[in-house]
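Before any comments, here is the structure.
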Amino acid sequence: METTTKFSYYPGCSVEGMNKAYDKSARVVCEALGVDLVELNDWNCCGASAYMSIRELRAHLLSARNLALAEKEKKDLVVVCPACLTTLTKTNHYIAENPRLKKTITTALKAANLQYYGSVKVRHLLEVVVNDVGENEIKSRIKNSLQDLKVAPYYGCQLTRPFGEVDDPEFPTMLDKLLGWIGAKPVSYPLKAKCCGGMLMMTKEDVGLELTKNLLACAMENGAECIATICPLCHMNLEAYQDNVNKHFGTDFHIPILYFTQLIGLAFGFSRKSLGIDDELTPSKALLEKHLEVVR
Amino acid sequence: MPEKIGVYVCHCGTNIARTVDCKSVAEYASHLPNVAVARDYQYMCSDPGQEMIKKDIHELGLNRVVVASCSPLMHESTFRRAVSSAGVNPFLFQMANIREQCSWITENRELATNRAKAIIAGAVTRVSFNEPLEIKKVPVNPDVLIVGGGITGIEAGLQIADSGRKVWLVEKEPSIGGYMARFDKTFPTLDCAACILTPKMVSVGQHENIELLTYSDVIDFSGYVGNFTAKIRKRPRYVDEEKCNGCGQCEQKCPLSVPSEFDCNLGKRKAIYRPFPQAVPGTPVIDREHCLYFTKGACRVCEKFCPRGAIDFEQKERIVEVPVGTAIIATGFDVFDASRVKEYGYGRLPNVITSLEFERLTHASGPTAGKILLRNGKPPETVAIIHCVGSRDHNYNEYCSRVCCMYSLKTAHLVHEKTDAKVYEFYIDMRAFGKGYEEFYKRLLEEDVTFVRGRVAEVSEVAQNPSEKGKLVVVAEDTLLGIVRRIPVDMVILSLGLEPRKDALEVAHTFSISRSRDGFFLEKHPKLAPVSTAADGIFVAGTCQGPKDIPDSVAQGGAAAANVLSLIDRKEVELEPSIAIIDENVCSGCKICLGLCPYHAITFDEEKSVAVLTAALCKGCGVCVAACPSGAIEQQNFTNSQLLAEVEAVSA
Amino acid sequence: MQEKFEPKIVGFLCRWCAYTGADLAGTSRIKYPPNINPIRVNCTGRVDPTLVLKALASGADGVLIGGCHPGDCHYTNGNIKTLRRFKLLQNMLDQFGIEKERVRLEWVSASEGERYARVVESMTEEIRNLGPLNWKRKEMEVIA
């Protein structure tokens, strides 16, 4: 029995609402892989995206509180949302590089009886699965072949940018590798790490729709049967807005969008329900039935 | 005889006086032990300043002098000379650096003044323990080593050889000529590079004073100024240079073609080859890694057809040891690796090429006989040229590579000359600093090139509308119009920045020279000594010192030659006498020092059972001095008494 | 109000790299605490641990030894020998009860003016926090 890898799990706000399936499938898969995720007690919103542009100092404080809580547990922090990853990592870097910010944060945290010494590493679940768990452990647990299901890995912007610490900033390959390990066929397409529009889908819908349309079109052109995501916001844009895209541009996209954790779970033989695949907006039933050896 | 020390505190205008209270420092110094006089003055290094010191020596009988001013690296020799001319041994002089390491580093007057006082106290205490030393003079070997046979090395070599001195010119490649031999035309005159280069190359090859060693490298370099020894490895060409007459039959008959490095792998060469037709020397080289004889034991066709029997498969590498007095490093540059900038698609998208590859395409003897063609063999209808690839970028190299703006303009012009293509140039700034450069830029503006001021974000193959289908889309912000533009083109040319060579670190170690932050070789002073290095007798010139164009490279080659000739004409050079001395009466024969000396300057006298130092080999590092448990070894001018006194005084 | 403690640091700088780098910091007008007294040597290999101890015993609160980066030593490997001596010296200082932050060995090249300034700055602050060494007082305490 191999040793478990222990982490503090930071779910983030987006998986509490519309994207519960991500959290669900992540927990199921991590248990199967022996990755011990203990939800960080009393975590708060990381202040991702908008807050940082409006009230930078307070956004850092929000973020730092989570880091301080994680440091108390003496475990690294694992996130499933790249926006959380970027925000928490940004705060981590800035505290280390900017002595004035560090001082302010230290004083503020003290008021809440907390302190942060900068020792927590923030990691995305994808990177933990690929680097810590590894090929052999994953392959050994496959019970249900995906039979070369053509999956387009979609990384989005914030996993690899701006820091470039997780994978190559322009052409990452981590998810491609993982898809290969679980028996799917990763599709190579040039827009795999380009923006889906993110929050713009809500504030400037036409921009968001165009970016999403480009992604869907490019993936399809290169032969994808479905798209794997690693970010709840990207997932929502690609999945929930497919109808709007079709209406706006006169296209006819019906591409299933699945979280990478859901795909791993399927390959490991878990039921669709346990992975939250029953509730998706772009039905994947037909596709999965076509491909999976066993569909539960 | 008691010491009589004169202390001089320099204001250096306001450089020192602004932060250090020179008057109070001089006042403080006047009360230090053995100080006969302490003065402060505006500019100690000036004539009146130096006269002041000399006057005091004569009138007050000073036998030690301390000047508190700039760094000893600046004016130590100036003041040593002044003191010496007044009859005091130059080593009874000590300098206190209260500028570079005191007044310039802080705004706090009180702290700076206190620091200056401590530093001077150190120097004053130390100088009491200074001993008079004789400066050793050594003869200078008039032979010169030049490493690198590009345009810079060629220029330096010809200048020195024309003066009657012997030059050993070592070049790594099979032929001299460097990067310039690969260019088609040069800016701004549009001179054909080969036409202006090859006559110089031929002169080098034929010069009676130049010993040309190509396909060779310097593997060791030892000694000291005026007396160096270079170990050069001549790699085997497998062709006898004496017998070969350059007829080229072997090249014609060779059955094996491989990608040509000279052509950036766009064209082919044979396994026995000359890198380009005007190669000097004209002797070909057999590429051992591909040649069918070396890899499979077959063929030998070249040998069969050679009319002079010059092919020699048994040729071995030769090591030549050459004594020289000076060396000029002119090893050149490498281009930035464009595949690192993934968003431009080099290596992934077939019609994204580099500026160097473009030079080979447009070159008459290049892989396409001078035609500009896409991978499918057709000429392009639209071309984009992207400036600053790998330069001015904190992700790659922060510096500006200086030549790219100009060669990008030249590229645009050549595209116009050879095709009907429309050219777009994407730039950040237009750097046209040289003679005729701004006029050349104007010419290109009139040639109807579209200049877009903005960094290119990416070169995309994903079409967003029908006009982009099948094209490379250059996405850039046009900062003058304030919009993001997508411009579909057929061919993208990346203007690569210049970088230090991959083996620059090795070369730096071989010659014991330093490198600047960006990896190019470090000059002694960026303004006043651009071709000298901290190591006496070793000079750098050309692009190995920093990115520059051909006129500047040639100028530096000439400057290095002048420096070398000046050294040689002096006939003798002075050595820094801070070498070690072993007192055999104190030496206990423990032999600890023997293994420590990097120059093997210490040997053991079995009879007397003591260590013996060969002064000529000692370079004055002081490692043995620190190691000796008996205190038998002292370092002249850095004796234990001197250092202990200085340490005690500054710490108090 | 107590006067701010200004640490006295003695610096043994090799003339090829560290001393030149320190000069460059000054030429570039980079500001850093002027708490260091530079002593020029040809190579850090000349730095006998006795000199370090003499500095501390004479009133210095810290010592910085600045040499070339490994591989760049003008005399081939003088800096490596210094490194070996330094390790032994650190053991000794530990036994004396002297905090190891007080004696530092740093590699500074001739073009690293900024780095030199930051090293001196961080060392000055560290020693300021440690307080004065006051070797003489310690000596008296031991004897008493």
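With Cα atoms defining each centre, the stretch A:106-137 and the stretch A:185-213 are spaced 28 Å apart in the structure.
A cut-off under 9 angstrom between Cβ atoms defines the neighbours of residue B:419, and their net charge, with Lys, Arg +1 and Asp, Glu -1, is -1. Have a look at C:102, C:46, C:84 and tell me which one the Gaussian network model of chain C (Cα, springs below 10 Å) gives the largest fluctuation. Per the Cα network of chain C with a 10 Å cutoff, C:84 tops the list.
Charge tally for residue B:641 (other residues, Cβ to Cβ under 15 Å; Lys, Arg +1; Asp, Glu -1): -3.
A Förster radius of 30 Å combined with the Cβ-Cβ distance from residue B:321 to residue B:240 puts the calculated FRET efficiency at roughly 0.85.
Straight-distance candidates among the aspartates and glutamates for linking to residue B:571, with alpha-carbon spacing under 18 Å and chain neighbours fewer than 8 residues away dropped: B:143, B:536. For the peptides B:14-25, C:62-73, the ranking by mean Cβ contacts within 10 Å, running from highest to lowest, is C:62-73, B:14-25. When the alpha carbon coordinates of chain A are projected onto the principal axes, the ranges are 58, 52, 31 Å, largest first. Place a label point 7 angstrom from the Cα of residue A:137 along the Cα-to-Cβ direction, then list the residues of the stretch A:256-282 whose backbone nitrogen is under 20 Å away. Label zone hits: A:260-270. In the stretch A:5-123, the inverse of the mean reciprocal separation of distinct Cα atoms equals 14.5 Å; this is its Kirkwood hydrodynamic radius. Using bins of 20 Å that start at zero, the share of Cα-Cα pairs per bin across chain B amounts to 16, 37, 31, 15, 1, in whole %. Within the stretch A:191-264, the proportion of C-alpha pairs whose separation exceeds 22 Å stands at 13%. Seen from every direction in turn and averaged, the convex hull around the alpha carbons of the stretch B:240-357 projects onto 10.9 nm². List the pairs from A:143/A:290; B:4/B:137; A:139/A:185 whose alpha-carbon separation is above 20 Å, in the order I gave them. In this structure, B:4/B:137 exceed 20 Å between Cα atoms.
Is any residue of the stretch B:611-633 close enough, with backbone N under 13 Å, to a label point placed 7 angstrom from the Cα of residue B:588 along the Cα-Cβ axis, and if so, which? Counting backbone N atoms under 13 Å from the label point, the list is B:628-633.
Candidate cross-link partners of residue A:24 among the aspartates and glutamates, defined by an alpha-carbon separation under 15 Å and a same-chain spacing of 8 or more, comprise A:16, A:36, A:39, A:278, A:279, A:280. The angle between the Cα long axis of helix A:99-111 and the main principal axis of chain A comes to about 80°, on a 0 to 90 degree scale.
Taking amide H as placed 1.01 Å from N in the peptide plane, the amide H of residue B:637 sits under 5 Å from that of B:131, each at least 5 places away or on another chain.
Along each principal axis, taking the top coordinate minus the bottom one, the Cα set of the stretch B:521-652 gives 60, 44, 26 Å in descending order.
Note on residue A:147 and residue A:251: the extension gain reaches 34.6 nm, defined as 0.36 nm multiplied by sequence separation minus the Cα-Cα distance.
For chain C, the convex hull spanned by the alpha carbon atoms encloses 99 Å³ per residue.
Here the alpha carbons of the stretch B:334-499 define both size measures, Rg and Dmax, at 14.9, 45 Å.
Ranked highest first by the average count of other Cβ atoms within 10 Å around their residues, in what order do B:567-580, B:428-441 fall?
Answer by packing, highest mean first, reads B:567-580, B:428-441.
Please give the average number of partner chain Cβ atoms lying within 10 Å of the Cβ of each residue in C:24-37, rounded to a whole number. Display every interim value, and only then the final one.
Working: counts 2, 4, 12, 7, 3, 2, 2, 5, 2, 5, 17, 4, 6, 12.
Mean number of neighbouring Cβ atoms from other chains: 6.
How would A:90, B:469, B:136 line up from fewest to most surrounding beta-carbon atoms within 10 angstrom? Show your work: numbers first, answer last.
Numbers: A:90 20, B:469 10, B:136 14.
Ascending Cβ contact count within 10 Å gives the list B:469, B:136, A:90.
Across all Cα pairs in the protein assembly as shown, the calculated P(r) in 20 Å bins from zero up to the longest distance comes to 10, 29, 34, 23, 3, 0 percent per bin. When chain A is treated as a Gaussian network with alpha carbon springs shorter than 10 Å, the biggest mean-square fluctuation among A:91, A:229, A:261 belongs to A:91. Which log10 I(q)/I(0) values, to two decimals, does the stretch A:144-288 give at q = 0.10, 0.12, 0.17 Å⁻¹ under the Debye formula with one point per Cα? Rounded to two decimals, the profile gives -0.31, -0.45, -0.92.
Averaging Cα coordinates gives a centre for the stretch C:57-132 and one for the stretch B:454-532; these two points are 38 Å apart. On full extension, the segment bounded by residue B:47 and residue B:133 gains 28.4 nm, given 0.36 nm per residue less the C-alpha separation.
Using equal-weight Cα scatterers in the Debye expression, the normalised intensity of the stretch B:580-636 in log10 at q = 0.16, 0.19, 0.23, 0.30 Å⁻¹ is -0.37, -0.54, -0.81, -1.46. Computing FRET efficiency as 1/(1 + (r/R0)^6) for residue B:438 and residue B:398, where r is the C-beta to C-beta distance and R0 is 25 Å, gives about 0.50. Listed by chain and number, the lysines whose alpha-carbon sits under 24 Å from that of residue C:136, ignoring those within fewer than 8 places in the same chain, are B:117, C:4, C:8, C:54, C:100. Applying a DSSP loop filter and a limit of 12 other Cβ atoms within 10 Å to the trypsin sites (Lys or Arg not before Pro) in the stretch A:175-240 leaves A:204.
Histogrammed with a bin width of 5 Å, the alpha carbon distances of the stretch B:5-129 distribute as 2, 13, 25, 27, 20, 10, 3, 1 percent, first bin at zero. Taking a point 7 Å from the Cα of residue B:581 along the Cα-to-Cβ direction, the residues of the stretch B:66-101 with backbone N closer than 14 Å to it are B:91-92. The mean count of C-beta atoms from other chains within 10 Å of the C-beta of residues in B:616-624, rounded to a whole number, is 6. Spin-label model, residue B:428/residue B:445: points 7 Å from Cα along the beta carbon direction are separated by 2.2 nm.
Since every read-out is calculated from the coordinates, none of them should be taken as a lab result. Worth saying up front: this structure is predicted, and the values here are computed from it rather than measured. Cβ coordinates were reconstructed from backbone atoms using ideal geometry, including for glycine residues, and neighbour counts include every protein chain displayed.
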